[in-house]
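For reference, the structure is listed below as C-alpha cells.
The values are calculated or read from the model by the stated rules, or taken from the named source; none is laboratory data. All figures in this text were calculated on a predicted structure; none of them were measured in a lab. Note that each Cβ is placed from the backbone with ideal geometry, even for glycine, and that neighbours are counted across all protein chains shown. We work out accessible area using only protein heavy atoms, side chains counted, and drop any ligands, DNA or RNA first. Shrake-Rupley method; radii C 1.70, N 1.55, O 1.52, S 1.80 Å.
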Amino acid sequence: MTLGGSGSATLDLNGFNQQLNGLTLGNTGNNFVGTVNLGANTLTLTGNIISQSAATQNVTHLINASAGGTIDVGATSRIFT
C-alpha cells in the first residue's frame, strides 16, 4: 500500500486490525506526507516499510498510536528505509 503517492494520505485503522503486504510512505517526486493512525489496533506487515520524499524535500511521515496500538512485523526480518 502506498500513502502519499499522489497527494498526502492517511490510513486510519478506525477500530479494526489490518494486514498489509508492505507500506510505502510518500514518493520521490513530491513532498506528500503519509500518515498511519493505529489507535489501539494492530497493523500486521508481511513486507517492508519504505519512506520516500523528493531529493530536495524534508518530509516527516507519521505513525500514531494510542495505548495498545502495535505494528506486528512477525518473525521474519523487515527492512525500514
Open item on the list: Just the residues that are over 15 Å from Thr70 (Cα atoms), open to solvent by 50 Å² or more (accessible area, probe 1.4 Å) and in contact with a Ser or Thr (Cβ under 8 Å, 6 or more places away or on another chain), please, taken from segment 10-29.
Closed with: Thr10, Asn21, Thr28
TODO: Return the pairs, sorted by first residue and then second, in which the second residue is of a type in the set (Ser, Thr, Tyr) and open to solvent by 50 Å² or more (accessible area, probe 1.4 Å), the first residue lies in segment 57-75 and is within 29 Å of Gly29 (Cα to Cα), the beta carbons are less than 7 Å apart, and the residues are 6+ apart or on different chains.
DONE: His61/Ser51
- [ ] Taking Asn64 as meeting all but one of (1) open to solvent by 80 Å² or more (accessible area, probe 1.4 Å); (2) within 12 Å of the chain's Cα centre (by Cα), write down the number of the exception.
- [x] (1)
- [ ] Could you please find all residues in segment 43-56 being surrounded by fewer than 17 Cβ atoms within 10 Å (Cβ to Cβ), touching a residue at least 12 places away in the same chain (Cβ under 8 Å) and either on the phi > 0 side of the Ramachandran plot or of a type in the set (S, T, N, Q) (or both)?
- [x] Thr44, Thr46, Asn48, Ser51
